[in-house]
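Asker: Next up is a structure, given as structure tokens.
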Amino acid sequence: MGTIDQKIQEENAIFEAMAPRGDDDFANYATPLIRDCWYAAGRSTEIGRTPLARRLLGIDVVLYRTQDGRPVAMRNRCPHRSFPLAKGKLVGDTLVCGYHGMAFDADGMCVHMPALNSAPASAAVRTFPTADRGPLTWIWMGPTHLADEALIPATPWLEDPAWGTVTGDFHIKADYVGMHENLIDQTHFPFLHPDTVGTPEYARSKLVAEIEGDQVIIRRRLDNAPPPAVYGKPAGIMHKRVTRTSEARFVSPAMHRAYAEIIDPAPEGDQPERYSYYITHVFTPESNTSIHYWWFTSRDFKPGNPEIDTFLREASSKAYYEDVEALEWIMDVVTKDEEQQFDMSFAPDRPGLMARRIMYRKAMAEAR
Amino acid sequence: MGTIDQKIQEENAIFEAMAPRGDDDFANYATPLIRDCWYAAGRSTEIGRTPLARRLLGIDVVLYRTQDGRPVAMRNRCPHRSFPLAKGKLVGDTLVCGYHGMAFDADGMCVHMPALNSAPASAAVRTFPTADRGPLTWIWMGPTHLADEALIPATPWLEDPAWGTVTGDFHIKADYVGMHENLIDQTHFPFLHPDTVGTPEYARSKLVAEIEGDQVIIRRRLDNAPPPAVYGKPAGIMHKRVTRTSEARFVSPAMHRAYAEIIDPAPEGDQPERYSYYITHVFTPESNTSIHYWWFTSRDFKPGNPEIDTFLREASSKAYYEDVEALEWIMDVVTKDEEQQFDMSFAPDRPGLMARRIMYRKAMAEAR
Amino acid sequence: MGTIDQKIQEENAIFEAMAPRGDDDFANYATPLIRDCWYAAGRSTEIGRTPLARRLLGIDVVLYRTQDGRPVAMRNRCPHRSFPLAKGKLVGDTLVCGYHGMAFDADGMCVHMPALNSAPASAAVRTFPTADRGPLTWIWMGPTHLADEALIPATPWLEDPAWGTVTGDFHIKADYVGMHENLIDQTHFPFLHPDTVGTPEYARSKLVAEIEGDQVIIRRRLDNAPPPAVYGKPAGIMHKRVTRTSEARFVSPAMHRAYAEIIDPAPEGDQPERYSYYITHVFTPESNTSIHYWWFTSRDFKPGNPEIDTFLREASSKAYYEDVEALEWIMDVVTKDEEQQFDMSFAPDRPGLMARRIMYRKAMAEAR
């Protein structure tokens, strides 16, 4: 996989040649949502003894915990008369419908129907496999026999006390495909995020894009450069020239993960030589045109430092909100404009197109 | 028609066997609205000398009264340029369009068009047969030659001074089929209405369901039981054990009527032995997913007593609003959830399914 | 083209005979929008150095001026990732996309793409021909080679200091076809505008309707009549009997123009014998069911007189708002009523039908 500077002309030719074929090899907002994937259902602290209703992949889901703390997810729709089960109440580990008192256990089996002498044998509500992982509770909405917890993306830094993490969330009226393409694309940084992550030197730096299985990774390295404010300020090294390396990774339809290192060639006093950051973007389609989004900015120094926490929370919120706004503006244009458009692509779009092609193939494979 | 306790097992088998056939013998929210029926257009006091616009069965209707008090209903749409006639004004018995002054008499014939020398012979707006019955004005929106006033359901208690009646109304974002099924179903009382009508004894009492022509009736009897608060408190007999009988009746697509008697085996002083109640639920589809609803709670004792009126108005409002909320939640699930569901049915659903089958057959007969 | 009084019977017969053919020779709200026409994009003062987004004929357009004042219109959608260009910024004469910094010159050619070494040769955003004419900036959204500025309707009175003009605008949730029919129809004046332009004598006056090319003109003359308040009050001649002549003209799908003269047969002192008015209605479909509307009421006496300006601004606003309301009520009926209707037409509708037939033919010719 070459670098951009060397290959622009030939790749432009390639991508411009692709457009007339109708863009149909790349997922977009209209592509069926991928189901065979672990998605975040919510923060683990949101899910408790009060039933929580949330629409995930177009399906209304109710979330709660059993008395021993196990997360339960089931369709938020009684199989009898479609009453939303989240409007009922928990009795022990069973969820009791608020309409006729039909009670479902944590496996979705009807265990009691007050108007009948015995629970009807065939009555059940569909449940979904779930798993807690640190700050998030995950859900599998594809075929249950495919739900392998080993497929949940590992995020040990979110549970490791050596790392300091700040977090936030947004509900976004945009598509998860556009969100992935935005996150793996860094050429928009100087324009959409001029005050935070978007240094001009970085935008021009060389990039290597690779595919590892169903993941897409881009890597950059910049030597003897000023640190970006969002990383340099918490580290207190804005006056220095540093080496920056970064990796942005399309992990799965449910996650994008960025990793950045700043290396200070001449640390002062007992300052570290290396500063590491993970940015974990977790998002779940609510529908083809809306997303639940949770972000986590983690650092490997001074965990719990309140000034750094505040700085990073505010800088992250600002930058991610800039993305949210941009994606919502684009969604609005794409869904309302009466004259359709096939978007043009160029060489720097290659990582995003790689991810969109992976998503397209997954969606099509599931449809078959 | 047996009782529930005896027949649960075999009937469950029957209804579970029905589900796989696709539920297509029973009306639901998507079934075409039944037109050959008298529906309430509004309270008779709402309809007067100011034109009133109301959407009924998906059609915009304008309602007014002639100078001698006869109710008139016509399409709220001038046949000339579709101006809503309710925005015009009444001149004598004619409704004058606010756009070009085209005037229509109470039969919908154009009697004047100011820009023409004479009214155009073929210009008319469709009118609908109407009839006042006590507190309501009824409308027939099917073929006019089928409009037989004898088909308007009789409600003499709503006009009899020996009965005390309280009333209220709701606009509901739900379907009239679900409303009928809710009203004829009493097994939801202990769960949706625990504070008013839902005593546990009652939910377990035996039920007989019958069909009389196009009506469905369920009857219950409960001996030596505490009275429900909504009936017992106004009668002042909450400390007693009584006999309760009740009838719930799917009268027509436009009405459900409940009748209840409380018999006090040992009345004190000059207290009556029998207390009777009528609950008259009248509702008209505005569309397939919304309803105009008027309710009336009537009693045969102490008419005009302000404390009893207040108690019954508040208790009724509370209970019916619980139904309204539940029906709106269900409608929301049914219309938005991207994964469809065939609702399961059980033995206690039999009366509702009987009514839904009658509605389905009527709708299909009209479509032919 | 005879007068109405003579021809009512035969013309009614004609128009009633037309209705059964399905009304399909006349444009209505569902007819494809006519594109080969100069439309107003906005007031010339609205368009400047801050990009302005406006939906015109169903397409999102961004409007701005170059440094030397030339108006530019282009699609408000970056060809790369559909970002709305109006959210970007002007740098000199180029509009820079706020997402990746792609820069477009006033001809829509991409002149810079920061992440590439050179601007991609084929990248461009569609631009639309524009032209300033007095208070308005016009746009041509049909095929560019057909954009002939000579087709922009001349309105010299809007720029002539001898004329006093007041102006206003509305956004209307109605269709431009209905707006044209409303404007060329004066038989609604006494009913919709009883307090301003609608004298009864005028409604009954004779009318001549003519077609000139693709324009429809109706002319009226009324002798020895009281002046209408909207014209007579500013002239100070409400106590007189005057001769009124007027012309209403369907100029193009983008404009209706009225011209009125009041002739005072016995002017007092140095008062003029003749008072002239132009009313210029300019409107552009935002979509098939909404319009951008700008109106101008011009007089050839006492330009700049503040009392007359205020009087005419308020009277015009009131009368045109009455039209706006009526058109929105009709649009609401036409788009929501579940029972469709073919509107009936009569002899006085002939001018409006002539204009609707011209619009229908234009739209169909473009569709071929």
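Bear in mind that the values in this text are calculations on the coordinates, not laboratory data. As the structure is a prediction and not an experimental result, all values here were calculated from the model. No Cβ is skipped: glycine too gets one built from the backbone with ideal geometry, and neighbour counts run over all protein chains shown.
Asker: Using only the alpha-carbon atoms, how far is helix A:4-18 inclined from the longest principal axis of chain A? Give it as 0 to 90 degrees, nearest 10.
Answerer: Between helix and principal axis, roughly 50 degrees.
Asker: Now, a different point. List the pairs from A:LYS173/B:LYS336; B:LYS206/B:LYS362; A:LYS173/A:LYS336; A:LYS336/C:LYS173 whose alpha-carbon separation is above 21 Å, in the order I gave them. Could you put the intermediate results ahead of the total?
Answerer: Details: A:LYS173/B:LYS336 17 Å; B:LYS206/B:LYS362 30 Å; A:LYS173/A:LYS336 13 Å; A:LYS336/C:LYS173 17 Å.
Violating the 21 Å limit, Cα to Cα: B:LYS206/B:LYS362.
Asker: Here's another thing I want to ask about it. Of the residues B:PHE342, B:PHE311, B:PHE301, which exhibits the maximal mean-square fluctuation in a Gaussian network model of chain B defined by a 10 Å Cα contact cut-off?
Answerer: Maximum fluctuation in the GNM of chain B, among the listed residues, is at B:PHE342.
Asker: In addition: Among B:ALA150, B:ALA225, B:ALA30, which one shows the highest mean-square fluctuation when chain B is modelled as a Gaussian network with alpha-carbon springs under 10 Å?
Answerer: Among B:ALA150, B:ALA225, B:ALA30, the largest GNM mean-square fluctuation belongs to B:ALA150.
Asker: Please work out whether chain B counts as rounded, prolate or oblate from its C-alpha gyration tensor, where a ≥ b ≥ c are the square roots of the eigenvalues and a/c under 1.5 means rounded, while otherwise a/b larger than b/c means prolate and anything else oblate? Can you show the working numbers first?
Answerer: Values: a/c = 2.53, a/b = 1.53, b/c = 1.66.
Cα axes put chain B in the oblate bin.
Asker: Give the relative contact order (percent, whole number) for chain C; include only Cα pairs under 8 Å separated by 6+ residues. Numbers along the way, then the final one.
Answerer: Numbers: 729 pairs, mean separation 81.1, N = 368.
After rounding, I find 22 percent.
Asker: Continuing with this model, one more query. In terms of modelled amide H atoms, which long-range or inter-chain residues lie less than 5 Å from the amide H of C:HIS80?
Answerer: Hits under the 5 Å cutoff: A:MET344.
Asker: Follow-up question, since we're still on this one. Considering only DSSP states other than H, G, I, E and B, which trypsin sites (Lys or Arg not before Pro) in the stretch A:225-256 qualify as loop sites with at most 16 other Cβ atoms within 10 Å? Write down the numbers at each step before the final one.
Answerer: On the way: sites: A:LYS240, A:ARG241, A:ARG244, A:ARG249; in loops: A:LYS240, A:ARG241.
Here the trypsin sites (Lys or Arg not before Pro) that fit, given the DSSP loop and packing criteria, are A:ARG241.
Asker: Can you check what the net charge comes to around B:VAL251, using other residues whose Cβ is under 12 Å from the Cβ of B:VAL251 (Lys, Arg +1; Asp, Glu -1)?
Answerer: On the way: positive: B:ARG249, B:ARG257; negative: B:GLU212, B:ASP214, B:GLU247.
Neighbourhood net charge equals -1.
Asker: Suppose each label sits 7 Å from its Cα in the direction of the beta carbon; what would the A:ARG313-C:ARG70 distance come out to in nanometres?
Answerer: Here the answer is 5.3 nm between the modelled labels.
Asker: At 7 angstrom along the Cα-to-beta-carbon line, where would the label on C:ARG274 sit relative to the other copies? Give the distances in nm, shortest first.
Answerer: 9.2, 9.2
Asker: On a 0 to 90 degree scale, rounded to 10, what angle separates helix A:306-336 from the longest Cα axis of chain A?
Answerer: It works out to around 80 degrees.
Asker: Quick query: amide H of B:GLU286 versus all other amide H atoms, modeled in the peptide plane; which residues come in under 5 Å with a sequence gap of 5 or more or a different chain?
Answerer: Hits under the 5 Å cutoff: B:LEU57, B:ILE291, B:HIS292.
Asker: What are the label-to-label distances in nm, one decimal and shortest first, from B:GLU338 to the same spot in the other copies, with labels 7 Å along Cα to Cβ?
Answerer: Computed spacing set for this position: 2.8, 2.8 nm.
Asker: Oh, and also: Show me the trypsin sites (Lys or Arg not before Pro) within the stretch C:22-82 that DSSP assigns to loop and that have at most 11 other Cβ atoms within 10 Å of their Cβ. Display every interim value, and only then the final one.
Answerer: Working: sites: C:ARG35, C:ARG43, C:ARG49, C:ARG54, C:ARG55, C:ARG65, C:ARG75, C:ARG77, C:ARG81; in loops: C:ARG35, C:ARG49, C:ARG77, C:ARG81.
When the trypsin sites (Lys or Arg not before Pro) of the stretch C:22-82 are filtered for loop state and at most 11 Cβ neighbours within 10 Å, C:ARG49 remain.
Asker: Suppose only helical runs count, i.e. DSSP H with n ≥ 4. What mean residue ellipticity at 222 nm does that imply for chain A under -39500 (n - 2.57) per run, divided by all residues and rounded to the nearest 500 deg cm²/dmol?
Answerer: Values: 7 runs with 88 residues, N = 368.
Taken over chain A, the calculation gives -7500 deg cm²/dmol.
Asker: Go through the stretch A:352-368 residue by residue and turn each phi into a ³J(HN,Hα) via Karplus (6.51, -1.76, 1.60, θ = phi - 60°); whole Hz please, and just put x for glycine and proline.
Answerer: Residue by residue, the stretch A:352-368 yields x, 5, 4, 5, 5, 5, 4, 5, 4, 5, 4, 4, 5, 5, 5, 5, 7 Hz.
Asker: Defining the label point at 7 Å along Cα→Cβ, can you sort the distances from C:THR144 to the same site in each other copy, shortest first, in nm?
Answerer: 6.1, 6.1
Asker: So who's got an amide H within less than 5 Å of the one on C:THR66, skipping anything under 5 residues away but keeping other chains? H placed 1.01 Å off N, in plane.
Answerer: For C:THR66, the qualifying residues are C:VAL72.
Asker: Taking other Cβ within 10 Å of each residue's Cβ, how do B:CYS37, B:CYS97 sort, fewest first?
Answerer: Values: B:CYS37 24, B:CYS97 27.
Placing the least packed residue first, the sequence is B:CYS37, B:CYS97.
Asker: So, one more: Who wins for biggest fluctuation among C:GLY101, C:GLY213, C:GLY69 in a Gaussian network model of chain C, springs between alpha carbons below 10 Å?
Answerer: C:GLY213
Asker: Go through the stretch C:89-97 residue by residue and turn each phi into a ³J(HN,Hα) via Karplus (6.51, -1.76, 1.60, θ = phi - 60°); whole Hz please, and just put x for glycine and proline.
Answerer: For the stretch C:89-97, the Karplus-derived couplings read 9, 7, 10, x, 9, 9, 9, 9, 5 Hz, x marking Gly and Pro.
Asker: About its Cα centre, what dipole magnitude does the protein assembly as shown give when the only charges are +1 on Lys and Arg Cβ and -1 on Asp and Glu Cβ, stated in debye to the nearest 20? Numbers along the way, then the final one.
Answerer: Details: 120 positive and 153 negative charges, 29 e Å.
It comes to approximately 140 debye.
Asker: Right, next: Go through C:SER317, C:PRO51, B:ALA248 and say which Cα lies farthest out towards the positive end of the charge dipole of the protein assembly as shown; charges sit on Cβ, +1 for Lys and Arg, -1 for Asp and Glu.
Answerer: Value: C:SER317.
Asker: Here's something else I'd like to know. Which whole-number percentage describes the relative contact order of the stretch A:47-141, with Cα contacts under 8 Å and a sequence gap of 6 or more?
Answerer: 20 percent
Asker: When Lys and Arg each count +1 and Asp and Glu each count -1, what net charge do the other residues less than 13 Å away from B:TYR278, Cβ to Cβ, add up to?
Answerer: Working: positive: B:ARG249, B:ARG257, B:ARG299; negative: B:GLU159, B:ASP160, B:GLU247, B:GLU261, B:ASP300.
After counting each charged neighbour, the total is -2.
Asker: Can you tell which of C:VAL91, B:THR127, B:PHE104 lies farthest toward the positive end of the dipole of the protein assembly as shown, using +1 and -1 charges on the Cβ of basic and acidic side chains (Lys, Arg; Asp, Glu)?
Answerer: It is C:VAL91, whose Cα lies furthest towards the positive end.
Asker: Estimate the FRET efficiency between A:ASN305 and A:THR335 by the formula 1/(1 + (r/R0)^6), using the beta-carbon distance for r and 35 Å for R0, to the nearest 0.05.
Answerer: Values: r = 43 Å, r/R0 = 1.23.
FRET efficiency, A:ASN305 to A:THR335: 0.20.
Asker: Still on this structure, please answer the following. Below 12 angstrom from the Cβ of C:ILE152, what's the summed charge of the other residues (Lys, Arg +1; Asp, Glu -1)?
Answerer: On the way: positive: C:ARG133; negative: C:ASP132, C:ASP148, C:GLU149.
Once all neighbours under 12 Å are counted, the net charge is -2.
Asker: So, one more: Ordered by residue, what ³J(HN,Hα) values in Hz, to whole numbers, does the stretch C:128-135 give under the Karplus form 6.51 cos²θ - 1.76 cosθ + 1.60, where θ = phi - 60° and Gly and Pro are x?
Answerer: Once rounded to whole Hz, the list reads 10, x, 9, 7, 7, 9, x, x.
Asker: About the Cα centre of chain C, how large is the charge dipole given +1 on each Lys and Arg Cβ and -1 on each Asp and Glu Cβ? Please answer in debye to the nearest 20.
Answerer: Working: 40 positive and 51 negative charges, 208 e Å.
Its charge dipole is roughly 1000 debye.
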